[in-house]
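Values in this text are rule-based calculations from the coordinates and carry no lab data. Nothing here was measured: the structure is a model prediction, and the numbers come from that model. Please note: Cβ atoms are built from the backbone with ideal geometry, for glycine as well, and neighbour counts cover all protein chains shown.
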Amino acid sequence: MKKMSFLFLLGFVLCTIAATAQVQFDAKVSKKRLGINERLRIDFEMNQDGDNFRPPNFEGFRVVGGPNQSISNSWINGKRSFSKTYSYFLAPQTRGKITIAQATIEIQGETYKTLPVEVEVTAAVEVPKDGNNADYVASENVHLVAEISNANPYLNEALTVTYKLYVSHDVSITSQWREIDTPKYADFWSQNIDNQNNFKVYEGKYNGQNYRYVILRTTVLYPQKTGELEIEPLTLDIPIDVQGNRRDIFGRRVMERVNKTISAGKRTINVKPLPLEGRPDGFNGAVGDFAFEVIPNKTSLNANESLQLDLKVSGKGNLKLFTLPSVKLPNTLEVYEPEHSESVSTTIGGMSGSVTDSYTIVPQFKGTYPVNPITFSFFDPNTEKYRTLTSKEFTIEVESGPISSATANSNTTDSKKQVVLSKENFKYIKLDANLRNIAQENFFKSALFWSLLGGPFLLIPLFILAGKKRKERMNDVEGNKLRRANKLAKKYLSEAKRNIQNPAPFYEALERALHNYLKAKLNIETSEMEKGLISKMLLERDVEAVTVENFIGLLKSCEFARYASTSTASVQNDYSKAVEVISNIDKQIQ
């Protein structure tokens, strides 16, 4: 009896395990690889009925259909077969490998999960014709086209890609579309010119048929590589209203909305390299049609005054993609790093406007300094030739100031003068030497002998240590820069004090002193000395806000003095304030 009970219990357990093992819950997709303009169907199938079905969030997809539920329940040869399916239709929103997360359901009190499914979404593909349904009608009557202005440009020559949306008169678009895949333009400098807020409808033809179209966007490109370059497609998700098969009570066909993913398709351009023949030595990559000017704001000034020299390139071409030529001036002219400015607009035709490098020049000595002609070369794609523009030579006249040693030496005359002999010429030669005998001393093994012999050996470690210190100091580039800037700050501050009765040179010297002080304390260059950045850096170094405000006020006073006269009392006040502010910053800065 006990044996029968044990067998019954064992059979029941085995049947329960077998029943549990028969539960299946799977996720199946219609394809593992699809284009971004295609649809994906995913089915969640189970062989036993369950409750509380929870789908995944479908991240990376938009649900365009579903859930659709279907149940199949049949008996074959006395054996029951059950199947329940939840179906979804998905439109991909981005390219790449996307993982569809797990779905869950409760069957017989247990929770079951599907395995994650990975699908790969590629660029848009050509959708095959699948009959005269709403999707097909929409795809046949709406087209996105990318028009290339120049499929065979030179390197750094502008071209445009114009995206046009063609819509036939048989369908309509009444809702806003959405961009789901944007071209990256990896091998180009690019700038988009969008028209989303100012669409104008045009009448035109597509494949010989009458269409309406709008210009969605024009993208200006400057190729940065040669050879065949690929332009990725623009892909949009567009709601399209199509005439359906149903009719209203008046017999008119009811419009049916279809969401379609439409792509412009890939385009390939062939970029030509710039020719080597005739390329100037100073060519720096400028392509277009340009004018070149070198403009000084003045050519006559005194030592320690400043002048501004502008190198300006204007015209049409890749203005933002090349560097201007540099200025070479005599060493006695102190030249600061140029301030680069751009006045460039990008339109359908490409970049146009001007770029300027502004140099601040401060002469140290009196004299006449010639500025040699400066050349600028560029390639003109219209004539397919290089052109070189040369500025005019001019001189900088420094009318007053100290004279350099080179200038002094050049001013001395080399004319020979007649030598006049006199009896006094050799008076310093004594004919009576008045010599006396010196007793011989034993130098060998004397104190002087040993000191001279051992002294160099004692000095060797000192020389080695001094050499290491000197090498460390020479390798400390930042430290040398800071020490040089600190020295210049003290120099110009003392120079400002000497010119305290002359406001114009005083404020020029004071401004240079403040700038060099910032170089020493904050380790920044002249080109970075913008007031907002200076205030931020000083406050970050724990300098009090009042001290920072006084420092910025001094800089503003120096700028104001360039355009307006200033009294001697104001000069004295600003000098005292400068000494006090620099002293406070030294105490507070961390």
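Couple of notes before you dig in:
- Separation of alpha-carbon centers, region 334-406 and region 225-241, rounded to whole Å: 42
- Here each label is just a point 7 Å from Cα along the line to Cβ, and for ALA186 and THR268 those points are 1.6 nm apart.
- Filter on LYS519/LYS587; LYS164/LYS260; LYS497/LYS587 - keep pairs with C-alpha separation over 19 Å: LYS497/LYS587
- Multiplying the residue separation of TYR336 and THR94 by 0.36 nm and removing their Cα-Cα distance gives an extension gain of 82.1 nm.
- Of the residues PHE283, PHE292, PHE560, PHE457, the one with the fewest other Cβ atoms within 10 Å heads the list, and the complete ranking is PHE457, PHE560, PHE283, PHE292.
- Fewest-first ordering of PHE61, PHE376 by other beta carbons within 10 Å of each residue's beta carbon gives PHE61, PHE376.
- Extension gain for ASP380-SER358 works out to 5.4 nm (0.36 nm per residue, less the C-alpha to C-alpha distance).
- Which listed pairs, of LYS32/LYS200; LYS32/LYS113; LYS28/LYS184; LYS272/LYS320; LYS200/LYS312, have C-alpha distances above 30 Å, in listed order: LYS32/LYS200; LYS28/LYS184; LYS200/LYS312
- Whichever aspartates and glutamates have a C-alpha closer than 12 Å to that of LYS266, once near sequence neighbours (fewer than 8 apart) are set aside: GLU126, GLU147, GLU230, GLU232
- Difference of contour (0.36 nm per residue) and Cα-Cα distance, LYS320 to SER83: 78.8 nm
- Put a plus charge on the Cβ of each Lys and Arg, a minus charge on the Cβ of each Asp and Glu, and nothing anywhere else: the dipole of region 134-271 about its Cα centre is then about 420 debye.
- Here the label points at ARG257 and ARG41, each 7 Å from Cα along the C-beta direction, are separated by 2.4 nm in the simple model.
- Cα-centre dipole for region 22-122 with unit charges at Cβ (Lys and Arg positive, Asp and Glu negative), debye to 20: 380
- In this simple spin-label model, placing a label point 7 Å from the Cα along the Cα-to-Cβ direction at both ASN52 and ASP241 gives a separation of 4.5 nm.
- FRET efficiency estimate (nearest 0.05) - Cβ-Cβ, ASN302 to SER576, R0 22 angstrom: 0.30
- Computed FRET value (nearest 0.05) for LYS587 with PHE394, which takes r as the C-beta separation and R₀ as 45 Å: 0.40
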